[in-house]
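Take a look at the structure below.
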Amino acid sequence: MTVTVHTCRGNFQSMWMAEGGYDRVASVVFDQPEIDGYFLEYDSDRAGGFEPLKYVPKDKRVVLGLVSSKKPKSNPRMR
């Protein structure tokens, strides 16, 4: 069995629940021995930069959500 975690910033009736990068939690969250992979939202500026990904151990998988289905315009960071 593969165990993964999706870090959701919320989308209840198109409302967001959190903002800020993964910086504050990266060193702890990405080093959980029982977790095999992470699904991370990077579809808006509120996700912060990609620097926290340096804390992901080599044996973990990461899927980045770079495109939003919630907004008709693309994120300027992805152009």
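The values are calculated or read from the model by the stated rules, or taken from the named source; none is laboratory data. All of these numbers come straight from a predicted model, not from anything done at the bench. All Cβ positions, glycine included, derive from the backbone under ideal geometry; neighbour counts span all protein chains shown. Ligands, DNA and RNA are excluded from the accessible area calculation, which covers all protein heavy atoms including side chains. Shrake-Rupley method; radii C 1.70, N 1.55, O 1.52, S 1.80 Å.
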Could you please find all residues in segment 24-53 being of a type in the set (D, E, K, R) and over 19 Å from Val3 (Cα atoms)? Arg24, Asp43, Asp45, Arg46, Glu51
Can you list residue pairs whose Cβ atoms sit under 8 Å apart, with the first residue in segment 43-59 being over 12 Å from Val25 (Cα atoms) and the second being of a type in the set (Phe, Trp, Tyr)? Count only pairs 6 or more apart in sequence or on different chains. Arg46/Trp16; Ala47/Tyr22; Gly48/Tyr22; Phe50/Tyr42; Pro57/Phe30
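Given the residues Phe39, Phe50, Phe30, which is the only one that is modelled with pLDDT of 75 or more, of a type in the set (Phe, Trp, Tyr) and open to solvent by less than 30 Å² (accessible area, probe 1.4 Å)? I'd like the intermediate steps shown before the answer.
Numbers: Phe39 fails: open to solvent by less than 30 Å² (accessible area, probe 1.4 Å); Phe50 fails: open to solvent by less than 30 Å² (accessible area, probe 1.4 Å).
None of the other options fit; the residue is Phe30.
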